[in-house]
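Next up is a structure, given as structure tokens.
The values are calculated or read from the model by the stated rules, or taken from the named source; none is laboratory data. This one's a predicted model, so the numbers in the text were calculated from it and none came from an experiment. Don't worry about glycine lacking a Cβ; one is built from the backbone with ideal geometry, like all the others, and counts go over all protein chains shown. The area values use the complete protein model at the heavy-atom level, side chains included, leaving out ligands, DNA and RNA. Shrake-Rupley method; radii C 1.70, N 1.55, O 1.52, S 1.80 Å.
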Amino acid sequence: MSADPVIHALIPAAGRGHRFGDALLKQYVPLAGRPVLAHSIAAVWELPQLSGVTVVLSPEDEQFQELIAPLFPGVRTAIGGDTRARSVLNGLLAIKDSDPAADWVLVHDAARPCLPADCLRRLVKQGLGGEDGALLAVPLRDTLKRDDGAGNSSRTLERSGLWAAQTPQLFLIRRLIDALRQCFSENFEPTDEAAAMELVGARPKLVMGSSANLKITYPDDVHPVENWLREKHRKPSG
Ligand code: CTP
Ligand code: MG
């Protein structure tokens, strides 16, 4: 492993936000003064080892050039695919072309604008220690129920050892490309990068994330995210 790892950040932002369901795509909703995607880019930009940022966009994207590009002139773009995993693979191939010195990729969802700086630092510190990569995650807190298919609770599941995955997730670019291709050849659609790596036998490190690292999925996620961002930008540093 190189003594000075070069990390490129990849932000998949090519989703349609079906569960959010607003006229405005969730990655472009303005919160605390700027679009959600701008907060997500700014959060990863804090990392000193970063060689660049690539954002993956839908082919129909109409807002990036107007709303985001002027704020981050150095950010590169790639065109996404039908699923998150396809968008990530497209982005990885673009990074290989545009930034051949980069050996690691930090994948971070556009819809997770609150990423705390200490989580990012912890992930990178722990993740660079091995070849299987790492992801932010938090141990589950709630008691888990299995329904009976008719809206009734039929069983209580064992919670110990279960984690909720977050982003960013940090992997060697060449290994993640191989893992995603293997997934597609087996008709497996991973919902995060760690799932692709697990399929090929890797054991990514679970690094403690934070309940503050909120993701926007449904409309009622906006309020807590906005409160957190307002609070963060009130402080002199985040
Ligand atoms: N994403 C992507 N390409 C896709 C699907 C998703 O780049 N084909 C991105 C989203 O833009 C988002 C991240 O992956 O930043 C996580 O996806 P999710 O939260 O599921 O967003 P959407 O897919 O847009 O939402 P939904 O599943 O509700 O349609
Ligand atoms: Mg989705």
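Check which residues have an amide H placed less than 5 Å from Val55's amide H, if you skip close sequence neighbours.
Ile11, Arg76, Thr77, Ala78
Which FRET efficiency value, to the nearest 0.05, do you get for Trp163 and Thr143 by plugging their Cβ-Cβ distance into 1/(1 + (r/R0)^6) with R0 = 22 Å?
The value I calculate is 0.90.
Continuing with the same structure: Excluding Asp99 itself, what net charge comes from residues whose Cβ is under 14 Å from its Cβ, given Lys and Arg +1 and Asp and Glu -1?
+1
Here's something else I'd like to know. Taking H placed 1.01 Å from N in the peptide plane, check which residues at least 5 places from Trp163 or on another chain put their amide H under 5 Å from its amide H.
The list, which skips near neighbours in sequence, is Leu140.
Next question. So what's the projected area for segment 177-238, the Cα convex hull averaged over all directions, in nm²?
Details: hull surface 25.4 nm².
Average projection, Cα convex hull of segment 177-238: 6.3 nm².
Nearest 5 is fine: what % of DSSP beta bridges in the chain come out antiparallel, could you say?
On the way: 15 of 34 bridges.
Of all bridge pairs located within the chain, approximately 45 percent are antiparallel.
Highest first, please rank the peptides 19-25, 208-214 by the mean number of other Cβ atoms sitting within 10 Å of their residues.
Sorting 19-25, 208-214 by mean packing, highest first, produces 208-214, 19-25.
Counting other C-beta atoms within 10 Å, and keeping those with at most 13, which DSSP coil chymotrypsin sites (Phe, Trp or Tyr not before Pro) do you find in segment 131-238?
Here the chymotrypsin sites (Phe, Trp or Tyr not before Pro) that fit, given the DSSP loop and packing criteria, are Phe188.
Apply the a/c threshold of 1.5 to the C-alpha gyration tensor of segment 1-46 and tell me whether it is rounded, prolate or oblate.
oblate
Mind listing the phi-derived Karplus ³J(HN,Hα) values for segment 106-115, rounded to whole Hz, using 6.51, -1.76 and 1.60 with θ = phi - 60°, and x for any glycine or proline?
The phi angles translate into 10, 8, 9, 5, 4, 8, 10, x, 9, 2 Hz.
Among the trypsin sites (Lys or Arg not before Pro) within segment 57-153, which fall in a DSSP loop and have no more than 11 other Cβ atoms within 10 Å of their own Cβ?
Arg141
I've got another one for you. Which is the longest run of the chain containing none of the GluC sites (Glu not before Pro) found in DSSP loop states (not H, G, I, E, B) with at most 15 other C-beta atoms within 10 Å?
Details: sites that count: Glu46, Glu60, Glu62, Glu131, Glu158, Glu186.
With GluC sites (Glu not before Pro) excluded where exposed in loops, the chain gives 63-130 as its longest stretch.
If a/c stays under 1.5 just call it rounded; otherwise compare a/b with b/c (prolate if a/b is bigger, oblate if not). Do that for the chain, with a ≥ b ≥ c from the square roots of the Cα gyration tensor eigenvalues.
Note, shape of the chain comes out rounded.
Below 27 Å Cα-Cα, how many Lys pairs turn up in the chain? Only count pairs eight or more apart in sequence, or on different chains, if you could.
Eligible lysine pairs with Cα atoms under 27 Å apart amount to 14.
Whenever you get a sec, compute what percent of the accessible area on the chain sits on carbon and sulfur atoms (1.4 Å probe).
C and S fraction of accessible area: 49 percent.
Where a ≥ b ≥ c are the square roots of the eigenvalues of the C-alpha gyration tensor, would you call segment 113-192 rounded, which needs a/c under 1.5, or, failing that, prolate if a/b is larger than b/c, or oblate?
In terms of gyration-tensor shape, oblate.
So what is the 222 nm mean residue ellipticity for the chain from helices alone, if each DSSP H run of at least 4 adds -39500 (n - 2.57) and you divide by all residues, rounding to the nearest 500 deg cm²/dmol?
One gets -9000 deg cm²/dmol as the mean residue ellipticity at 222 nm.
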